[in-house]
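The values are calculated or read from the model by the stated rules, or taken from the named source; none is laboratory data. Everything numeric in this text was worked out from a predicted model, so none of it was measured. Neighbour counts are summed over all protein chains in view; Cβ atoms, including those assigned to glycine, are modelled from backbone coordinates with ideal geometry. Protein only, heavy atoms only, side chains kept; ligands, DNA and RNA dropped before computing areas. Shrake-Rupley method; radii C 1.70, N 1.55, O 1.52, S 1.80 Å.
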Amino acid sequence: MRGRVVLEDELLRQWHAFKHTQTHDTQLIERLLQFYKPPHITCVAQLKRLQIQDEVLMASLAASQLVNQTLEELASLTDFKLVLSEQTTTYPYVCIHGDSIGSSYTLTCQPNTGRDKAHALLRALMSKAKTILIHDRFLEQQWTGAKQFFDLLPKRRLTLLFGYPLPQRKVTELKRHCTDWLVKDDRRGHYRQHHDRYLLIDQAMEVVVTSGLDYLFDQSKECTLIVREQASFIASASVQTQKQGTL
């Protein structure tokens with residue numbers, strides 16, 4: 001029996017209720033669905049702990065020798081080797097409310113393939129931005145290829161922060177691109193200790209670019225984008241959701 005992840009007891013209880021249209025915690029299920037990779041794996045003992053009466057499933061689990069395993073033992077049998085949890089963050093657990101293991105969207109451009117979808121995604125993510133932080137330590141050296149990135153930005157009032165200051169001639173070039181852009185150095189050093197390239201959009205959405213920005217326009221290279229919400233933004237959105245839920 002194949003499983004990709006394991007659910008902690010309360011999450012499995014809520015998932016079972018949700019799947020069988022019983023009373024469940026909607027907000028919890030929404031968080032769970034951000035991490036859930038079907039199918040999950042369980043065992044007879046976990047079903048008994050939760051008083052889930054499903055004789056057919058229990059018989060199938062028993063036939064697969066999934067009887068008395070702990071959650072950690074079950075995780076070792078899954079594809080991702082993970083247990084989704086409400087509170088625990090130590091491996092193999094992943095806390096669905098915030099964890100170093102996330103649920104990002106990933107877009108990979110393989111060598112010799114088009115970049116149109118990556119460009120369209122970036123253009124959409126930045127279309128309503130007020131501030132974009134750009135961190136690429138090799139941006140100046142790879143300027144000839146990388147400057148095409150600025151064609152994806154909206155040509156209107158917009159603050160561009162650079163993790164590595166651009167020389168004045170490059171700033172002047174950008175200002176010729178759009179006179180409404182305000183170009184500044186990132187004095188707070190958001191990514192000073194970081195290796196990858198980053199785009200931080202309005203302090204809310206982060207795009208990790210695993211190669212230089214110039215790779216976004218060089219079809220002979222591989223390039224991957226990881227799109228994720230900033231942790232502080234997630235916390236703020238969660239609080240807002242909880243407030244709305246109390247109205």
Here the residues within the range 138-172 that are within 19 Å of residue 202 (Cα to Cα) and of a type in the set (Gly, Ala, Ser) are 163
ask   = Would the range 123-134 turn up any residue that is more than 18 Å from residue 225 (Cα to Cα), in contact with a helix residue (DSSP H, G or I) (Cβ under 8 Å, 6 or more places away or on another chain) and not charged (D, E, K, R)?
value = no
Those residues of the range 179-231 that are in contact (Cβ under 8 Å) with a residue 40 or more places away in the chain, under 11 Å from residue 135 (Cα atoms) and either open to solvent by 70 Å² or more (accessible area, probe 1.4 Å) or in a loop (DSSP other than H, G, I, E, B) (or both) come to a total of 5
A careful count of residues in the range 149-178 that are modelled with pLDDT of 95 or more and polar (S, T, N, Q) gives 1
How many residues of the range 43-85 are β-branched (Val, Ile, Thr) and within 13 Å of residue 3 (Cα to Cα)? The answer is 2
### Query
In the range 78-98, is there at least one residue being in a strand (DSSP E or B), farther than 25 Å from residue 31 by Cα and touching a Cys at 6+ places or on another chain (Cβ under 6 Å)?
no
Residue count, the range 16-44, condition over 22 Å from the mean Cα position of the chain (by Cα) and closer than 22 Å to residue 91 by Cβ, comes to 3
Residue 68: passes all of (1) touching a residue at least 24 places away in the same chain (Cβ under 8 Å); (2) open to solvent by 80 Å² or more (accessible area, probe 1.4 Å); (3) under 30 Å from the mean Cα position of the chain (by Cα) but (3)
Apart from one, (1) farther than 23 Å from residue 227 by Cα; (2) without any contact (Cβ under 8 Å) to a residue 60 or more places away in the chain; (3) surrounded by 13 or more Cβ atoms within 10 Å (Cβ to Cβ) all hold for residue 75; the odd one out is (2)
Every listed condition ((1) within 30 Å of residue 216 (Cβ to Cβ); (2) modelled with pLDDT of 95 or more; (3) open to solvent by 20 Å² or more (accessible area, probe 1.4 Å); (4) under 20 Å from the mean Cα position of the chain (by Cα)) holds for residue 102 save (2)
Considering residues that are open to solvent by 60 Å² or more (accessible area, probe 1.4 Å), among the charged types (D, E, K, R) and outside any helix (DSSP H, G or I), the number found within the range 5-51 is 2
Only unsatisfied item for residue 94, checking (1) in contact with a Ser or Thr (Cβ under 9 Å, 6 or more places away or on another chain); (2) modelled with pLDDT under 95, is (2)
